[in-house]
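Asker: First the structure, then my questions, so here it is.
The values are calculated or read from the model by the stated rules, or taken from the named source; none is laboratory data. Quick caveat, the model's predicted, so the values are computed rather than measured. In this analysis, Cβ positions are derived from the backbone assuming ideal geometry, glycine residues included, and neighbour counts consider all displayed protein chains. Side chains are part of the model used for accessible areas, which takes the heavy atoms of the whole protein and leaves out ligands, DNA and RNA. Shrake-Rupley method; radii C 1.70, N 1.55, O 1.52, S 1.80 Å.
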Amino acid sequence: MSTTTSTGMPRRQPLRRFLDYAVLSVLAFVFALPVIYLFLGSLKPSDEVLDGLSGFLPTHLSFDNYSAVLDALNSDSTGYFWRFMGISLLLAFVVVTGGLFVNSMAAYGLSRLKWRGREAVFTLVLLLMLVPFESVAVPLFYMFNDQRNTLPILALPFIANAFSIYQFHTFFRTIPPSIEEAARIDGAGPWRTFFAIIVPMSKPAFASVAILTFLTQWGSFLWPVLMVSDPSVRPLPLEMSVFQGQLPPDWGQILAFGVLLVLPVLVVFAFFQRWFVQGVASSAVKG
């Protein structure tokens, strides 16, 4: 028989709670297996990486693969690993910061300001969410062909994003209108209301959009393949594909490269995870 808390909410029985955590733990472990294999494989000799389940055994571990990757990409002929990393970080920074500014303001105009044609524009934004980038990549390639091998063209097409606008729009609609009405009574215009009131109240939404935008941009591959032929402006994912294509493949070094590629993503998620979880939870409850 279930019991209730002091607030009147039903309290889960200990057995049910144990089963819930057990199932979630098993699922988490299953989803983490590829990442565990990636980290362990990056510490093993190449001939032990593809040994199936025995690859999970922590034997012959060392950081030699990481040293080999950094040594292999440390000359003018091969390029410099930290330069590739810096290019990817710069592109991600521009896309994330520019996207937060542009998409949040667009969503504010669509969700909080009243003007003719607002619903039609928002419907167009929803329709744009259904258009995959692959379907417009070739037209964009011909449109910006004279701007190839430049860093701005690798970032600018991804700053405005329909899905980010939708995320901000959904969160902004949950903010009570009375807050903006009080700001207008105090003499605040739309710009001041947005930056002084809406933005501080929307930290979970900004964190969620920042993480998802960073993940998308950090792993961007198709657009750099089309637009980059100069090794000096390769982002990290494109350079990894070049590194992996060398023969014979050294799988230990390839997995070490993969770990170096994944680490910034883990750092960003660890930094923003509290606000990201709040944003997801608030969207689920209020949406």
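Asker: Take each of the peptides 265-272, 57-64, average the number of other beta-carbon atoms within 10 Å over its residues, and list them starting from the highest.
Answerer: Put in order of decreasing packing, that is 265-272, 57-64.
Asker: Give me a comma-separated list of calculated 3J(HN,Hα) values for the range 242-254, in order, Karplus coefficients 6.51, -1.76, 1.60 applied at θ = phi - 60°, integers in Hz, x for any Gly or Pro.
Answerer: 5, 5, 5, x, 6, 10, x, x, 9, 5, x, 5, 4
Asker: May I pose another question? Around S62, what is the net charge, scoring Lys/Arg as +1 and Asp/Glu as -1 over all other residues with Cβ under 15 Å from its Cβ?
Answerer: Once all neighbours under 15 Å are counted, the net charge is -4.
Asker: Roughly how tilted is helix 118-128, in degrees to the nearest 10 and between 0 and 90, from the longest Cα axis of the chain?
Answerer: Between helix and principal axis, roughly 20 degrees.
Asker: Dimensions of the range 116-189 along principal axes (Cα, Å, largest first)?
Answerer: Its Cα atoms span 51, 25, 22 Å along the three principal axes.
Asker: Over the heavy atoms of F141, what accessible area does a 1.4 Å probe trace out, to the nearest 10 Å²?
Answerer: Estimated to the nearest 10 Å², F141 gives 50 Å².
Asker: Could you tell me the largest-minus-smallest coordinate of the C-alpha atoms of the chain on each of the three principal axes, in descending order and whole angstroms?
Answerer: That works out to 68, 67, 32 Å along the principal axes.
Asker: State the answer as a single residue: which of L154, A270, Q217 lies farthest towards the positive end of the charge dipole of the range 144-277, with beta carbon charges of +1 for Lys and Arg and -1 for Asp and Glu, about the Cα centre.
Answerer: Looking along the dipole axis, the top candidate is A270.
Asker: Going through the range 40-118, which trypsin sites (Lys or Arg not before Pro) have at most 10 other Cβ atoms within 10 Å and a DSSP loop state?
Answerer: Hits after loop and neighbour filter: K114, R116.
Asker: For helix 134-143, report the angle its Cα long axis makes with the longest principal axis of the Cα atoms of the chain; keep it between 0 and 90° and round to the nearest 10°.
Answerer: The angle comes out at about 80 degrees.
Asker: Now, a different point. What would the Debye equation give as log₁₀ I(q)/I(0) for the range 75-205 at q = 0.19 Å⁻¹, counting only Cα atoms as equal point scatterers?
Answerer: -1.13
Asker: Checking the a/c ratio against 1.5 first, then a/b against b/c, what shape does the Cα gyration tensor give for the range 203-247?
Answerer: Prolate is the answer for the range 203-247, as a/c is 1.5 or above and a/b outweighs b/c.
Asker: Still on this model: Counting only protein heavy atoms and a 1.4 Å probe, tell me what percentage of the range 14-62's accessible area is made up of carbon and sulfur. Let's see the in-between values first.
Answerer: On the way: 2790 of 3550 Å².
The C+S portion of the solvent-accessible surface of the range 14-62 is 78 percent.
Asker: With the dipole of the chain worked out from charges on the C-beta (+1 for Lys and Arg, -1 for Asp and Glu) around the Cα centre, which of A182, L90, S77 lies farthest toward the positive end?
Answerer: So the residue furthest toward the plus end is A182.
Asker: Relative contact order of the range 78-285, please, whole-number percent, based on alpha carbon pairs below 8 angstrom and at least 6 residues apart.
Answerer: It rounds to 33 percent for the range 78-285.
Asker: Quickly rank 97-110, 205-218 as a protection proxy: mean count of other C-beta atoms within 10 Å, highest first.
Answerer: Sorting 97-110, 205-218 by mean packing, highest first, produces 205-218, 97-110.
Asker: Could you tell me how many degrees, from 0 to 90 and to the nearest 10, lie between the Cα long axis of helix 203-218 and the main elongation axis, the longest principal axis, of the Cα atoms of the chain?
Answerer: 30
Asker: Next up: Go ahead and set up a Gaussian network model of the chain, Cα springs under 10 Å, then flag whichever of L27, L236, L130 fluctuates most.
Answerer: Fluctuation is largest for L27.
Asker: Taking θ = phi - 60°, what integer Hz values does the Karplus form 6.51 cos²θ - 1.76 cosθ + 1.60 yield along the range 23-39, in sequence order, with x for Gly and Pro?
Answerer: After applying 6.51 cos²θ - 1.76 cosθ + 1.60, I find 5, 5, 5, 5, 5, 4, 5, 4, 5, 7, 4, x, 5, 4, 5, 4, 5 Hz.
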